[in-house]
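Presented below is the structure to which this report refers.
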Amino acid sequence: MTAILYSFRRCPYAMRARLAIAASGQSVSLREIELKHKPEQMLAISPKGTVPVLLLENGDVLEESIDIMHWALSLSDPLKLLPSSPALMQGWIKRNDLEFKGWLDKYKYADRYPEHDEAYYREQACLFIAELEQQLSQTHYILGQQLTMTDLAIAPFIRQFSMVDTKWFANAPYPHLRSWLEQLINSRLFLSVMKKYPTWLNSQESFSFP
């Protein structure tokens, strides 16, 4: 049995998992889901109902995107994405996931959070964005001159941020961040994991990924 990955194309957590799997050269059986109609097979192994979920050949289940990234890259890391300073990587990813993501959601769906306006939520999200800009003004990638798992884990969320108001983002004072993001999302690796697949619930067809 090949490992089975339940995924949703536009979810940034699923994106980071697919990026690591593709970069590692591992092959999994991909099942593209619909968030409004989650398959019972996925909920049976992961009742929390979020993607990505990876069912391994031995029956173990990985329910967190970072765990899936580590699983893939620990098996094979031809691009040397696992950094020499894991603590620094964990610090950036933790801030992205626990701080920035919350403000990103409120910025993206500001009408659901009428306590403040969109500009306020964007301003709060930009505290993290500004730190990334400062770092990327000194180094090509977040941890230095080498692409690492850190970049792959964070880029899908910055991509989502950039798409809320593309005109504003294009003119915002973050040129190094924009350059970093454009390079990553236009890379062969990123484009390869954004291929569209029929939903598994409708087709009952799994696809070899990547």
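Specify which of the listed residues (23, 17, 44) is more than 18 Å from the chain's Cα centre (by Cα) and small (Gly, Ala, Ser).
Values: 23 fails: more than 18 Å from the chain's Cα centre (by Cα); 17 fails: more than 18 Å from the chain's Cα centre (by Cα).
Checking each option against the conditions leaves just 44.
Residue count for segment 9-32 under the criterion of being in contact with a helix residue (DSSP H, G or I) (Cβ under 6 Å, 6 or more places away or on another chain) and either hydroxyl-bearing (Ser, Thr, Tyr) or assigned to a loop (DSSP other than H, G, I, E, B) (or both): the result is 3.
Identify all residues within segment 180-194 that are more than 12 Å from residue 22 (Cα to Cα) and surrounded by 13 or more Cβ atoms within 10 Å (Cβ to Cβ); write none if there are none.
Within segment 180-194, the first condition is being more than 12 Å from residue 22 (Cα to Cα), and the residues that meet it are 180-187.
Scanning segment 180-194 gives 180, 181, 183, 184, 185, 187.
Kindly evaluate residue 20 against the criterion of being surrounded by 19 or more Cβ atoms within 10 Å (Cβ to Cβ), closer than 22 Å to residue 190 by Cβ and touching a Pro at 6+ places or on another chain (Cβ under 9 Å). So that I can check it myself, show each step before the final result.
On the way: surrounded by 19 or more Cβ atoms within 10 Å (Cβ to Cβ): yes; closer than 22 Å to residue 190 by Cβ: yes; touching a Pro at 6+ places or on another chain (Cβ under 9 Å): no.
No; evaluated as a whole, the condition is false for this residue.
All of 132, 88, 136 fail the test of being aliphatic (A, V, I, L, M), in contact with a helix residue (DSSP H, G or I) (Cβ under 9 Å, 6 or more places away or on another chain), surrounded by fewer than 20 Cβ atoms within 10 Å (Cβ to Cβ) and under 30 Å from residue 74 (Cβ atoms), apart from 88.
All told, residue 30 meets the bar of being open to solvent by less than 10 Å² (accessible area, probe 1.4 Å), in contact with a Phe, Trp or Tyr (Cβ under 8 Å, 6 or more places away or on another chain) and closer than 16 Å to residue 192 by Cα.
Please determine, by comparing only the residues of segment 44-70 that are assigned to a helix (DSSP H, G or I) and not hydrophobic (A, V, I, L, M, F, W, C), which one is farthest from residue 11 (Cα to Cα). This residue is 70. List every residue pair whose Cβ atoms lie under 7 Å apart, where the two residues are 6 or more positions apart in sequence or sit on different chains, the first residue falls within segment 177-197 and is at pLDDT 95 or above, and the second residue, located anywhere, is open to solvent by 40 Å² or more (accessible area, probe 1.4 Å) and in a helix (DSSP H, G or I). Cβ pairs passing all conditions: 181/159; 185/159. Only residues that are closer than 26 Å to residue 141 by Cβ and over 14 Å from the mean Cα position of the chain (by Cα): list them for segment 55-81, please. Across segment 55-81, the qualifying residues are 62, 71, 72, 73, 74, 75, 76, 77, 78, 79, 80, 81.
The values are calculated or read from the model by the stated rules, or taken from the named source; none is laboratory data. Everything numeric in this text was worked out from a predicted model, so none of it was measured. Here Cβ is always computed from backbone atoms with ideal geometry, including for glycine, and neighbour counts include all displayed protein chains. Areas reflect the complete protein model, heavy atoms only, side chains present, ligands, DNA and RNA absent. Shrake-Rupley method; radii C 1.70, N 1.55, O 1.52, S 1.80 Å.
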